[in-house]
Structures are given as C-alpha cells and as structure tokens.
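Notes follow once the structure below has been shown.
The values are calculated or read from the model by the stated rules, or taken from the named source; none is laboratory data. Being a predicted model, the structure only gives us computed values, none of them experimental. Positions of Cβ are backbone-derived with ideal geometry, glycine not excepted, and every protein chain shown enters the neighbour counts. Areas reflect the complete protein model, heavy atoms only, side chains present, ligands, DNA and RNA absent. Shrake-Rupley method; radii C 1.70, N 1.55, O 1.52, S 1.80 Å.
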Amino acid sequence: MSDTIWAKSPDALHRRGQTSLETPLESLDGYLTPADRFFVCNVTETQRIDPATYRLEIHGDAVAEPVTLTLEHLAAMPRHTVRSYLECAGNQRKLFGALQGQYVERTEGGEDVPWVLGGVGMAEWSGPRLRDVLALAGPCETMRWVAPLGLDIDNPECPIEIPMPVEKALHEDTILALTMNGAPLPADHGFPVRAIVPGWIGTYSVKWVGRITASAQEIRNYRTDEYYVIDGVTVTRQNVKSSLALPFPATMGPGPKRIHGYARSPDRPMRSVEWSANGGQSWQSADIISPNEPYGWVRFAFAWTATPGEHSLMTRATDEAGETQPVTCPFNPGTLLFNAIIAHPVTVAA
Ligand SMILES: Nc1nc2c(c(=O)[nH]1)N[C@H]1C(S)=C(S)[C@@H](COP(=O)(O)O)O[C@H]1N2
Ligand SMILES: [Mo]
C-alpha cells in the first residue's frame with residue numbers, strides 16, 4: 001500500500017505517521033515551496049480524481065437551487081490568486097515534548113502526526129473565489145455555515161468536512177484553488193480542486209473538494225468539536241511562529257555561517273525577526289530576504305560564527321500588529337499550535 005499513498009516520491013521528505021510527509025526545511029532555498037517538496041498531510045491516501053468525471057455539488061438549506069459543476073465550468077470562472085502559507089495545526093507538536101517535557105498520546109480518534117518543523121509550506125494558489133461559486137446556487141440570507149467536503153470520504157474517523165462561518169467563506173481571499181505555483185494542483189495537494197482558507201489552520205484547506213454544504217445551522221462534527229479544539233474552542237486562525245531551516249537537532253562544522261529560517265504571521269506582514277545565541281538575554285535583527293506579504297511566510301537569514309561545542313539558537317518573530325511568540329506555549333491535549341520561541345540545539349564539531 002505504501003507506494004500508493006502519495007503520487008509524488010516521498011524520498012526527499014520525512015515520513016510522518018502512516019500517510020503524511022514532512023518537508024526538511026533545510027532543503028528549501030527560496031520563498032515558494034516547490035510542489036515536490038511541499039509537505040503532505042493526508043488522513044488516508046492521496047485521491048486520484050478523473051477530471052472528466054469530476055463534479056462539484058453545491059447544496060444545503062441556505063441555497064435556493066442546488067447546482068452541480070464540472071471542472072470545465074470552474075476553470076472558466078474568473079480567478080483570484082493568493083500567496084499563502086499552509087501549515088498543519090499540529091506542526092511543531094514534537095516540541096511540546098522536546099522543549100517543554102510535555103507528552104500526550106491520544107488513545108482514540110485520529111493519529112497525531114508527529115511533526116517537527118516542516119509541516120508547513122508556502123505556495124501561490126489560484127482559482128475562483130468560494131463566494132463566486134456559492135453565488136451560482138443562489139445563497140440565501142440565512143446562510144451562516146459553509147462546509148467543503150473532501151472526496152476521501154472512506155476514512156476511519158469521519159469525513160473531512162470542515163465547516164467555516166459564512167464571513168470566512170465569503171471573504172475575498174478564500175478560494176477554490178485549481179493551481180499551485182502556476183501549475184494544475186498535484187494529486188497530493190488536492191487535484192482538481194481544493195479550498196484555500198488563508199490564515200487558518202491547514203485542515204480548513206480541504207483537498208479534493210466534491211461537495212459544499214451551505215446552511216443556516218451550525219455544522220458540527222468530530223473535527224470541530226473534539227479534534228481541533230483548545231480549551232473548548234474550535235481552532236481556526238494560526239498563530240505567529242518562526243523556526244530555523246536546519247535539522248532538529250542540527251550538527252555542523254565550525255566557522256562563519258549564514259543561518260536561514262522561516263517566520264510567519266497568519267494574516268499580517270512581519271515587523272521583525274530576531275535571533276539570540278545566548279538564551280534570549282540579548283537579541284539581534286535577522287535580515288528578511290523574501291517578500292513580506294499578509295498571508296505569506298518570510299525567509300530570514302543572519303550571520304553566526306559557529307565555535308566547537310553545544311549551542312542553542314533562538315528566533316523570535318513579531319508581526320505588524322505586535323503579535324509575537326511566547327517563551328513557552330501553554331499545553332493542550334491535542335498538541336496544536338505550538339508557537340513558543342524555539343531553542344534550536346546546534347552541535348558544532350571541533
Ligand atoms: N480531503 C482532505 N483534505 C485535507 C486533508 C485530508 O486528509 N483530506 N488534510 C488536511 C490537513 S490536516 C492539512 S494540514 C492540509 C495539508 O495540505 P497539503 O497536504 O496540501 O500540504 O490539508 C487538509 N485538507
Ligand atoms: Mo493538518
């Protein structure tokens with residue numbers, strides 16, 4: 001089965017759990033993540049959808065007339081392009097244990113993918129706005145919740161149907177993407193159609209969308225009520241994070257280095273990225289060496305002279321509104337949204 005889980009070769013990525021792949025961030029050298037290096041978070045297997053027979057159904061008690069659309073129809077609609085990073089809510093989950101000594105194993109429900117740093121990627125997505133697609137079915141005034149459903153319905157927990165409030169669904173930057181980095185979506189990333197919900201945790205960006213339900217009622221399920229929950233509240237928006245693009249832990253030879261990393265704010269440009277090699281007693285500015293856009297991540301770099309021994313390199317991102325990273329991340333049993341300042345272990349050989 002393992003060679004059918006993904007369409008792309010898993011060789012350049014880390015296998016995480018049975019069905020997911022993590023990007024080694026140190027293998028990236030630019031702003032956009034190439035599709036063949038982009039992480040994959042699959043609850044089951046990559047779906048292989050025939051574009052000729054593909055259909056998208058829009059239905060529910062809050063549309064006047066259900067419609068069924070072909071890929072041709074969607075492809076003929078006006079397109080909107082967003083450059084947005086996509087990150088699994090559980091990315092960096094392993095750091096609750098590695099840095100804070102906090103462990104949990106879920107005994108039931110979905111397997112928690114053991115992400116370290118690379119359950120995140122950045123791409124340019126393009127396709128019709130979700131609101132334009134909903135408009136084809138005659139949305140009613142009563143519409144409050146919109147839930148895209150993935151075609152991987154045969155899965156152990158419950159279908160991937162992720163409801164969002166109408167405000168987010170109708171937002172101008174919420175799209176049904178048909179392309180990724182200018183090419184048709186790869187199968188692993190949702191071909192032929194996926195939702196892109198910028199600024200929100202990756203799960204909202206449903207892949208292989210086959211049906212969209214629009215309702216006056218709040219749509220709830222296992223994922224909204226049990227899985228993606230912190231302190232009784234369903235998780236939606238991401239938080240501010242930064243990490244080095246190095247293996248965790250890292251080893252290197254001595255000498256002058258240029259250290260790289262990625263920092264992100266869910267919906268604002270970054271104000272600063274700082275680094276510290278002395279446990280956070282003093283901080284210096286890193287250079288932002290990429291575009292700095294509302295939904296994008298930034299690539300940053302700084303010069304550091306590696307001397308033999310054990311080191312810890314820290315980075316701290318702050319966005320334009322002053323939202324920044326905490327020294328420790330409050331624990332939650334779902335081990336979601338770890339965004340503490342990371343003390344990245346670096347061993348420098350003699
Ligand atoms: N249909 C479907 N959509 C899905 C998933 C899935 O398993 N099935 N995984 C979700 C999760 S948890 C994440 S983090 C993102 C990952 O997107 P990627 O695999 O393109 O990187 O897709 C989301 N959309
Ligand atoms: Mo995820």
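Tabulate in residue order the Karplus-calculated ³J(HN,Hα) for region 38-45, using 6.51 cos²θ - 1.76 cosθ + 1.60 with θ = phi - 60°, rounded to whole Hz; enter x for Gly and Pro.
Karplus-based 3J(HN,Hα) across region 38-45 equals 6, 4, 10, 10, 10, 6, 10, 10 Hz.
Treat every Asp and Glu Cβ in the chain as -1 and every Lys and Arg Cβ as +1, leave all other atoms uncharged, and give the resulting dipole magnitude about the Cα centre to the nearest 20 debye.
The calculated dipole for the chain is roughly 760 debye.
Between Thr68 and Ala303, what is the label-to-label distance in nm when each label sits 7 Å out along the Cα-to-Cβ direction?
6.5 nm
Show me, for region 201-210, the HN-Hα J-couplings you get by feeding each phi into the Karplus relation (A = 6.51, B = -1.76, C = 1.60, θ = phi - 60°), rounded to Hz, glycine and proline as x.
Using θ = phi - 60°, the values come out as 4, x, 4, 5, 7, 4, 8, 6, 5, x Hz.
Using the Karplus curve 6.51 cos²θ - 1.76 cosθ + 1.60 with θ = phi - 60°, work out ³J(HN,Hα) for each residue of region 226-233 in order, rounded to whole Hz, and write x for Gly and Pro.
10, 7, 9, 9, 10, 6, x, 10
Report the FRET efficiency, 1/(1 + (r/R0)^6), for Tyr222 and Met252, where r is their Cβ-Cβ distance and R0 is 56 Å, rounded to 0.05.
Plugging the Cβ-Cβ distance into 1/(1 + (r/R0)^6) gives 0.80.
Add -39500 (n - 2.57) for each DSSP H run of 4 or more in the chain, then divide by its residues: what number comes out at 222 nm, to the nearest 500 deg cm²/dmol?
Calculated mean residue ellipticity at 222 nm is -1500 deg cm²/dmol.
Can you count the Lys pairs in the chain with C-alpha separation below 26 Å, eight or more apart or on different chains?
8
Computed over the Cα atoms, what is the radius of gyration of the chain divided by 2.2 N^0.38 Å, N being its residue count?
In units of the globular-protein estimate, the chain measures up at 1.01.
Given H placed 1.01 Å from N in the peptide plane, which residues other than close sequence neighbours of Leu69 have an amide H under 5 Å from its amide H?
HN-HN under 5 Å from Leu69: Leu56, Glu57, Ile58.
What residues qualify as long-range amide H neighbours of Glu124, i.e. H under 5 Å apart, gap of 5 or more or another chain, H built at 1.01 Å from N?
Residues meeting the amide H criterion: Asn181.
Relative contact order (percent) for region 241-348, with alpha-carbon contacts under 8 angstrom and 6 or more residues of separation?
35 percent
With the contact rule set at Cα under 8 Å and sequence spacing of 6 or more, what percent relative contact order holds for the chain?
Across the chain, relative contact order equals 18 percent.
Gaussian network model of the chain, Cα springs within a sub-10 Å range: biggest mean-square fluctuation belongs to which of Gly309, Gly150, Gly121?
Highest fluctuation among the options: Gly309.
Can you give me the distance in nm between label points at Ser285 and Ala7, each placed 7 Å from the Cα along the Cα-to-Cβ direction?
For the pair Ser285/Ala7, the computed spacing is 4.3 nm.
So who's got an amide H within less than 5 Å of the one on Val229, skipping anything under 5 residues away but keeping other chains? H placed 1.01 Å off N, in plane.
Val235
Could you check how much of the accessible area of the chain is carbon and sulfur, as a whole percent, using a 1.4 Å probe?
Answer for the chain is 51 percent, counting heavy atoms of protein chains only.
Return one whole number: the accessible area per residue of the chain in Å², for a 1.4 Å probe.
Values: 14380 Å² over 350 residues.
Ligands and nucleic acids excluded, the figure is 41 Å² per residue.
Among DSSP bridges having both ends in the chain, what percentage is antiparallel? Round to the nearest 5. Before the final figure, lay out each step's value.
On the way: 68 of 74 bridges.
Beta bridges within the chain, antiparallel portion: roughly 90 percent.
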